[in-house]
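Report on the following structure.
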Amino acid sequence: MTDNDALRRYLEQQREMGDLDFVLDTLTSREVAEKLKSVGRPDWRASLKTAGLDAERSPLATRGAAPTRAAAPIAKTLPEDEMKKKGKVVVDAEHTNEAIEKARSLKPIAEKVNSCKRCLLYTTATNGVPGEGDSKAQVVIVGEAPGANEDETGLPFVGAAGGLLTKILESVNLSREEVFITNVVKHRPPGNRNPTPDEVEACSPYLIRQLELIKPKVIIAFGNFAAQTLLGTKDGIGKLRGTVHTYHGTPLVVTYHPAALLRNPNWKRPTWEDVKLARRVLDNAQGA
Ligand code: SF4
């Protein structure tokens, strides 16, 4: 691993932990360094030097400079106003909040997702990914948004991260078939960027209705984004995990996203502790 990769990985870890936001495209190198310092890296100058970056002339410093590749817009869509003018964002009678709330089973919700134009994500995605699993599941898994494999297949949590999710569930005697797996947002954001607040808001009636219909005994939010969105907080996983929260009255446990575990195997142990907590919540609910 190169030094720059090491720094990138460190910043990604902080983002996944959710304890701090890093907006690299507008920060000076000094500000980035101060942020590193503020998260417990008093040796921030050495950290940057180790990563091959000059603390005062870092390539991360872009204020007033041309946008870096990382800062360039990822979305390939037109500006939203322009898209609306072209009729690309459409909330027709089949896709109003009321129509989604009236869906009587998961199947019509999936159909609505697959024909949805409530936000722009459908314009760049290949497939909608409504979710899959038992319609009477006692455990619902919620991730952030589909990735490339999910977009290609229309199925949630496939590929390496999906395989790891299967193993995580099996570690507490749950199979994929007996849970329901879905995401906060049902179409893949371009370049795997985080969904915007508008996209989350547009998509939220689907998840809310799915949970109303399934009535799970426990929800497990995988990843920082899903946890923060469902709980309406900016706290990161480091603060949120280890506690039973509630989402619309349903117990909710937070843990790391399997994709993050692939990059950071040290988080496997705490993840196992979290899913064991979810298992205990389930066992208690079943015994009640
Ligand atoms: S992400 Fe959600 S709101 Fe946006 S188009 Fe897809 S289903 Fe509709």
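Residue-level check: of (1) touching a Gly at 6+ places or on another chain (Cβ under 8 Å); (2) in a helix (DSSP H, G or I); (3) within 26 Å of Thr96 (Cβ to Cβ), Thr182 misses just (2).
I'm checking my understanding of the structure. Among residues of segment 123-154 that are among the aliphatic types (A, V, I, L, M) and closer than 16 Å to Leu174 by Cβ, which one is surrounded by the fewest Cβ atoms within 10 Å (Cβ to Cβ)? I'd like the intermediate steps shown before the answer.
Within segment 123-154, the first condition is being among the aliphatic types (A, V, I, L, M), and the residues that meet it are 125, 129, 137, 139-142, 145, 148.
With the extra rule that they be closer than 16 Å to Leu174 by Cβ, the set shrinks to 137, 139-142.
Values: Ala137: 19, Val139: 25, Val140: 26, Ile141: 28, Val142: 26.
Only one residue fits best here, namely Ala137.
Tell me which residues, restricted to segment 228-248, are within 16 Å of the ligand (Cβ to nearest atom) and of a type in the set (A, V, I, L, M).
Step one: list which residues in segment 228-248 are within 16 Å of the ligand (Cβ to nearest atom), which gives 229-230.
Listed by number, the list holds a single entry, Leu230.
Filtering segment 147-170 to residues that are in a loop (DSSP other than H, G, I, E, B) and touching a Ser or Thr at 6+ places or on another chain (Cβ under 9 Å) leaves Gly154, Pro156, Phe157. Taking (1) loosely packed, with under 14 Cβ neighbours inside 10 Å; (2) away from the ligand (no atom under 15 Å from the Cβ) in turn, Phe157 satisfies each apart from (1). Is there a residue in segment 125-134 that is in a helix (DSSP H, G or I) and either more than 25 Å from Ala99 (Cβ to Cβ) or within 15 Å of the ligand (Cβ to nearest atom) (or both)? There is no residue in segment 125-134 that is in a helix (DSSP H, G or I) and either more than 25 Å from Ala99 (Cβ to Cβ) or within 15 Å of the ligand (Cβ to nearest atom) (or both).
If you scan segment 107-124, which residues turn out to be part of a loop (DSSP other than H, G, I, E, B), more than 8 Å from the ligand (Cβ to nearest atom) and under 18 Å from Glu94 (Cα atoms)? Of everything in segment 107-124, just one residue is part of a loop (DSSP other than H, G, I, E, B), more than 8 Å from the ligand (Cβ to nearest atom) and under 18 Å from Glu94 (Cα atoms), namely Ser115.
It is to be established whether one or more residues within segment 174-189 are of a type in the set (D, E, K, R) and within 14 Å of the chain's Cα centre (by Cα). Within segment 174-189, one or more residues are of a type in the set (D, E, K, R) and within 14 Å of the chain's Cα centre (by Cα).
Within segment 193-213, residues that are under 17 Å from Gly147 (Cβ atoms) reach partners that are among the acidic types (Asp, Glu) and within 12 Å of the ligand (Cβ to nearest atom) with beta carbons closer than 8 Å, at six or more positions or on different chains, in the pairs Asn194/Glu144; Pro195/Glu144.
Scanning segment 195-212 for residues that are buried (at least 17 other Cβ atoms within 10 Å of the Cβ) and away from the ligand (no atom under 13 Å from the Cβ) yields one hit, Leu211.
Considering only residues that are at pLDDT 95 or above and surrounded by fewer than 18 Cβ atoms within 10 Å (Cβ to Cβ), look in segment 178-194 and name the one that is nearest to Val142 (Cα to Cα). Don't jump to the end; show me each part of the working.
Of the residues in segment 178-194, the ones at pLDDT 95 or above are 178-190.
Next cut, surrounded by fewer than 18 Cβ atoms within 10 Å (Cβ to Cβ) only: 178, 190.
Working: Glu178: 14, Pro190: 20 Å.
Here the residue is Glu178.
Only one entry of Lys186, Lys276, Lys215 meets the criterion of being on the phi > 0 side of the Ramachandran plot and among the charged types (D, E, K, R), and that entry is Lys215. The residues in segment 213-227 that are within 16 Å of the ligand (Cβ to nearest atom) and more than 20 Å from Arg279 (Cα to Cα) can be counted, and the count is 1.
The values are calculated or read from the model by the stated rules, or taken from the named source; none is laboratory data. If you're wondering where the values come from, they're calculated on a predicted model, not measured in any experiment. A quick note on method: Cβ atoms are made from the backbone with ideal geometry, for glycine too, and the neighbour counts reach across all protein chains shown.
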